[in-house]
Amino acid sequence: MHRAGWFGRGAGGAALTALLLTTALPAAVQHNSTPAAPEKKSDSKPAAKKDPPSAAPLCQSKDVTVELPRDFLQLLVLNNSFIARINSVGVITFQNFFPQAIQEFAVVAEYEDAAGKLIYPGVFAASATQTTTPTWFATYLPSQYEIAQWKQPIAPRATFTLGATSGITTAACPAQMNVTLIHLEFADGKEMNYSTPGWQLPAQPEQIPGDLEFVSAGEALPQQFVVKVHVPAPLGPIIPPPQVELVEGRNGPLFERIRDQMQEWRFWFAMRNGMSVEGDETFLIRVHSPKEHAGPQMFWVAPDEVPQPMGIIDLVPRAVAGTWTVYYGGFDLTGNAVPQMQ
């Protein structure tokens, strides 16, 4: 395996630019093996919201070690960076030392800490195919990962930079990335593919039908909950609803109303070896009070609020009483797909 430094996840440069301009964003994820959940506290009173620590990132690092298969040594990693706030953002620059121009490119890699423990798997991809959906992507990668669009193939010795965002945030900085799937297609149609047995991608929110609707006494807010969402694998044409379990927070009518509507949300399935499988995702849900002042500080997250990789869901009251806009990783998801598709 080749070691070099890089970062990234499937998203276009425009999405990255927008995210860097609003870096009050965190995100996180579980995979097929669910990280240890916080102790269940069904009736505990949520801690008072702390003042934001001057918008400091949860995690920031550069030149993370990456392991690439030996056959891909001609793909040189020049530099990378990673930052996590209420979303995770990565940038990676490669140089093409293959003798052919690169038409398509995709990588699935596991973000790992210094001890080699998996944080979460991520993906980024690009294609110079302009008119049709690239066949390889449609077959092997889920559609929630955006394919960055190149205007032309990457010529030999040319460099290319990809930005990437994730709906998952983490306070644990990656120290290395282990590539579990890589795809290269050259301009002449030839392909190079590599995958490890069991390569995986997590379940993620796909779409939220609309604003949440529930009435809560003002003195009961703000509140927050940690929940685990289990996304069952499809049963042929039948798609079972997600299962929402309270892990931490005050159980009662407020949570029950939120839980019932979350069961109507659509989630992308987890994947393993290119197949849809059951998967779990952990979310921190923060219900904001109308008394809170709108602005970037509303989305800040303190490190002690993110004990494991998780997605951050903020419910923000609208002018119409009893309706709540859903933000996922700092993005308004009401009626939209996940941030990777923005």
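The values are calculated or read from the model by the stated rules, or taken from the named source; none is laboratory data. Since this is a predicted model, take the numbers as computed values, not measurements. Every residue, glycine among them, receives a Cβ derived from its backbone with ideal geometry; neighbour counts consider all protein chains shown.
When you check residue 266 against the structure, is it in contact with a Phe, Trp or Tyr (Cβ under 9 Å, 6 or more places away or on another chain) and of a type in the set (D, E, K, R), yes or no?
On the way: in contact with a Phe, Trp or Tyr (Cβ under 9 Å, 6 or more places away or on another chain): no; of a type in the set (D, E, K, R): yes.
It is false that residue 266 is in contact with a Phe, Trp or Tyr (Cβ under 9 Å, 6 or more places away or on another chain) and of a type in the set (D, E, K, R).
List the number of the failed condition for residue 118; all other conditions in (1) in contact with an Asp or Glu (Cβ under 6 Å, 6 or more places away or on another chain); (2) over 30 Å from residue 307 (Cβ atoms); (3) among the aliphatic types (A, V, I, L, M) hold.
Failing condition for residue 118: (2).
In the range 113-123, which residue that is buried (at least 21 other Cβ atoms within 10 Å of the Cβ) and not β-branched (Val, Ile, Thr) is nearest to residue 272 (Cα to Cα)? Spell out the reasoning first.
First, the residues of the range 113-123 that are buried (at least 21 other Cβ atoms within 10 Å of the Cβ): 119-123.
Now narrow it down to the ones that are not β-branched (Val, Ile, Thr): 120-122.
On the way: 120: 14, 121: 11, 122: 13 Å.
That would be 121.
Can you tell me which residues in the range 139-175 are in a loop (DSSP other than H, G, I, E, B) and touching a Leu at 6+ places or on another chain (Cβ under 6 Å)? Lay out the reasoning, then the answer.
To start, the set of residues in the range 139-175 that are in a loop (DSSP other than H, G, I, E, B) comprises 141-147, 150-153, 155-158, 167-168, 170-175.
171 - this is the single residue of the range 139-175 that is in a loop (DSSP other than H, G, I, E, B) and touching a Leu at 6+ places or on another chain (Cβ under 6 Å).
For residues that are assigned to a strand (DSSP E or B), aromatic (Phe, Trp, Tyr) and buried (at least 18 other Cβ atoms within 10 Å of the Cβ), tally how many sit in the range 176-204.
Taking the range 176-204 first, the residues assigned to a strand (DSSP E or B) are 176-186, 191-195, 200-201, 204.
From what is left, the residues that are aromatic (Phe, Trp, Tyr) are 186, 194.
In the following step, the residues that additionally are buried (at least 18 other Cβ atoms within 10 Å of the Cβ) were identified as 186.
Total meeting the criteria: 1.
Residues checked against (1) crowded, with 20+ Cβ neighbours inside 10 Å; (2) more than 13 Å from the chain's Cα centre (by Cα); (3) among the aliphatic types (A, V, I, L, M):
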| position | (1), (2), (3) |
| --- | --- |
| 78 | no, yes, yes |
| 96 | yes, yes, no |
| 103 | yes, yes, no |
| 125 | yes, yes, yes |
| 136 | no, yes, no |
| 157 | no, yes, no |
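Identify, by number, the condition in (1) outside any strand (DSSP E or B); (2) of a type in the set (A, V, I, L, M, F, W, C); (3) in contact with a helix residue (DSSP H, G or I) (Cβ under 9 Å, 6 or more places away or on another chain) that residue 83 doesn't meet.
It is condition (1) that residue 83 fails.
Out of everything in the range 274-299 that is assigned to a loop (DSSP other than H, G, I, E, B) and either within 15 Å of residue 214 (Cβ to Cβ) or touching a Ser or Thr at 6+ places or on another chain (Cβ under 9 Å) (or both), what residue ends up being modelled with the highest pLDDT?
Step one: of the range 274-299, the residues assigned to a loop (DSSP other than H, G, I, E, B) are 274, 278, 288-295.
This time we only want the ones that are either within 15 Å of residue 214 (Cβ to Cβ) or touching a Ser or Thr at 6+ places or on another chain (Cβ under 9 Å) (or both), so: 274, 288-290.
Values: 274: 86, 288: 93, 289: 90, 290: 85.
Selected residue: 288.
Looking only at the range 279-311, which residues are of a type in the set (A, V, I, L, M, F, W, C) and over 25 Å from residue 245 (Cβ atoms)? Lay out the reasoning, then the answer.
Taking the range 279-311 and keeping what is of a type in the set (A, V, I, L, M, F, W, C), we get 283-285, 287, 294, 298-302, 306, 310.
Passing the criteria: 294, 298, 300.
Could you grab me the full set of residues in the range 159-210 that are of a type in the set (Gly, Ala, Ser), within 22 Å of the chain's Cα centre (by Cα) and under 20 Å from residue 103 (Cα atoms)?
Here is the first cut: in the range 159-210, the ones of a type in the set (Gly, Ala, Ser) are 163-164, 166-167, 171-172, 175, 187, 189, 195, 198, 203, 210.
Pick out the ones that are also within 22 Å of the chain's Cα centre (by Cα) and you get 163-164, 166-167, 171-172, 175, 195, 198, 203, 210.
Scanning the range 159-210 gives 163, 164, 195.
Need the failing condition index for residue 242 against (1) in contact (Cβ under 8 Å) with a residue 40 or more places away in the chain; (2) in contact with a Phe, Trp or Tyr (Cβ under 8 Å, 6 or more places away or on another chain); (3) closer than 30 Å to residue 59 by Cβ, just the number.
Result: residue 242 fails condition (1) only.
Quickly run through the range 100-121 and pick out the residues that are touching a Phe, Trp or Tyr at 6+ places or on another chain (Cβ under 9 Å) and outside any strand (DSSP E or B).
Applying the first criterion (touching a Phe, Trp or Tyr at 6+ places or on another chain (Cβ under 9 Å)) to the range 100-121 yields 100-111, 118-121.
Residues satisfying the conditions are 100, 101.
Residues in the range 259-278 that are more than 19 Å from residue 246 (Cβ to Cβ) and of a type outside the set (A, V, I, L, M): how many? If you could, list the steps in order and put the result at the bottom.
Pass one, the range 259-278, residues more than 19 Å from residue 246 (Cβ to Cβ): 266, 268-278.
Checking the rest, the ones that are also of a type outside the set (A, V, I, L, M) come to 266, 268-269, 272-274, 276, 278.
Number of matching residues: 8.
Looking at 145, 111, can you tell me which residue is farther than 21 Å from residue 64 by Cα and either within 21 Å of the chain's Cα centre (by Cα) or touching a residue at least 60 places away in the same chain (Cβ under 8 Å) (or both)? So that I can check it myself, show each step before the final result.
Values: 111 fails: farther than 21 Å from residue 64 by Cα.
The unique qualifying residue is 145.
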